[in-house]
Amino acid sequence: MRASRLLGIPVSNGRVEALIGHILSHPGIVLTPNVDHLVLVHESPALREAYLDAEHHVLDSRVVFLLSRLFGPAFESYVPGVELCERLLARSRQTERRRVFLFGGETAELCERAKKFAHDRWPGIQIVGTLSPPFGYEKDPAQIRRYVDEVLASDPDFVVIGVSFPKQLDFARALRQASARPRTYLCVGATLNFWAGYERRAPAWMNRFGVEWAYRLFQNPRRMIGRYLGRDLRFFPYYFVDRIKARFGSRNA
């Protein structure tokens, strides 16, 4: 699969159906780079190293997609993480890889509602387990090991990891290290919240114009304001400096 670099991260560049086919045939960790990921990874060498260790990086940002079409590197497509996850599960019904574990969500009730949504939406998919970790679980190595054991004991083909970044990446790497066989680890943030109906996706027109972030900010201002109107704004100088370097570097090559 062809990749183009965003702030030094090799992001898969192709049509969505081709990206999905590639993921299905190459199990591993699936990350969905967006503005927030790219800022955090750019500012932390340790996090960058862990990020680069994933097998798949699929663009999840209309804003970055539009910028890439104007200033490069031009991406053929982008796909929101929740949509990527849904399309992967829909396609997986045509294969023997149908066992899914749901990890994340603020409550066990949320997980159960997400499980019911998946059962109803994709007949044939087997939800082999759910687990809603408490706040702060990532600070307890023994707890993480117990969760890893519980997830792998159900022998899933896919693990939907619905916790925030970078906790999702850390847990996916722990699962992959402990697993005796290849699996697909989908690091897809708020996906379980959407499936359970705890959050709503933005209207299609907002996504088309790259302002889905405003809808999420309106729904959850206390959690999102520091991200969208603070940290994420640093992406733009990082991006344009990177593009200037790429342009002048290619001329001097």
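The values are calculated or read from the model by the stated rules, or taken from the named source; none is laboratory data. On a predicted model such as this, the values are computed, not experimentally measured, just so you know. Note: ideal-geometry Cβ built from the backbone for every residue, glycine included; neighbour counts use all protein chains shown.
Couple of notes before you dig in:
- Taking region 15-56 and the helices (runs of 4 or more DSSP H) fully enclosed by it, the elements with 1 or more residues that are on the phi < 0 side of the Ramachandran plot and aromatic (Phe, Trp, Tyr) are at 45-52.
- Lone qualifier among Arg216, Arg208, Arg231, Arg227 - being under 20 Å from the mean Cα position of the chain (by Cα), at pLDDT 90 or above and within 28 Å of Ile161 (Cα to Cα): Arg231
- Looking across region 107-140, the residues that are charged (D, E, K, R) and out of contact with any Ser or Thr (no Cβ under 7 Å at 6 or more places or on another chain) come down to Glu109, Arg113, Lys116, Asp120, Arg121, Glu138, Lys139, Asp140.
- Subset tally (residues that are buried (at least 16 other Cβ atoms within 10 Å of the Cβ) and under 19 Å from Phe194 (Cβ atoms)) for region 118-129: 4
- Test: Pro156 is at negative phi, over 20 Å from the mean Cα position of the chain (by Cα) and in a loop (DSSP other than H, G, I, E, B): no
- Pairs with Cβ under 7 Å, 6+ apart, first in region 184-203 and at positive phi, second assigned to a strand (DSSP E or B): Gly189/Gly162
- Filter result for Val16 (over 14 Å from the mean Cα position of the chain (by Cα), modelled with pLDDT of 95 or more and under 18 Å from Thr191 (Cβ atoms)): yes
- Ser92 being polar (S, T, N, Q), closer than 25 Å to Asn34 by Cβ and in contact (Cβ under 8 Å) with a residue 60 or more places away in the chain: yes
- Being among the polar types (S, T, N, Q), over 19 Å from Pro27 (Cβ atoms) and either touching a His at 6+ places or on another chain (Cβ under 6 Å) or crowded, with 17+ Cβ neighbours inside 10 Å (or both) holds for only one residue in Ser132, Ser179, and it is Ser132.
- Residues within region 126-180 that are without any contact (Cβ under 8 Å) to a residue 60 or more places away in the chain, closer than 24 Å to Leu38 by Cα and in contact with a Phe, Trp or Tyr (Cβ under 7 Å, 6 or more places away or on another chain), tallied: 3
- The number of residues in region 97-129 that are of a type in the set (Gly, Ala, Ser), over 21 Å from Pro27 (Cβ atoms) and not in a helix (DSSP H, G or I) comes to 1.
- The single residue among Ser77, Ser44, Ser25 that is over 18 Å from Asp170 (Cβ atoms), of a type in the set (S, T, N, Q), surrounded by fewer than 17 Cβ atoms within 10 Å (Cβ to Cβ) and without any contact (Cβ under 8 Å) to a residue 12 or more places away in the chain turns out to be Ser25.
- Condition check for Val100: of a type in the set (A, V, I, L, M, F, W, C), closer than 21 Å to Ile20 by Cβ and in contact with a helix residue (DSSP H, G or I) (Cβ under 8 Å, 6 or more places away or on another chain): yes
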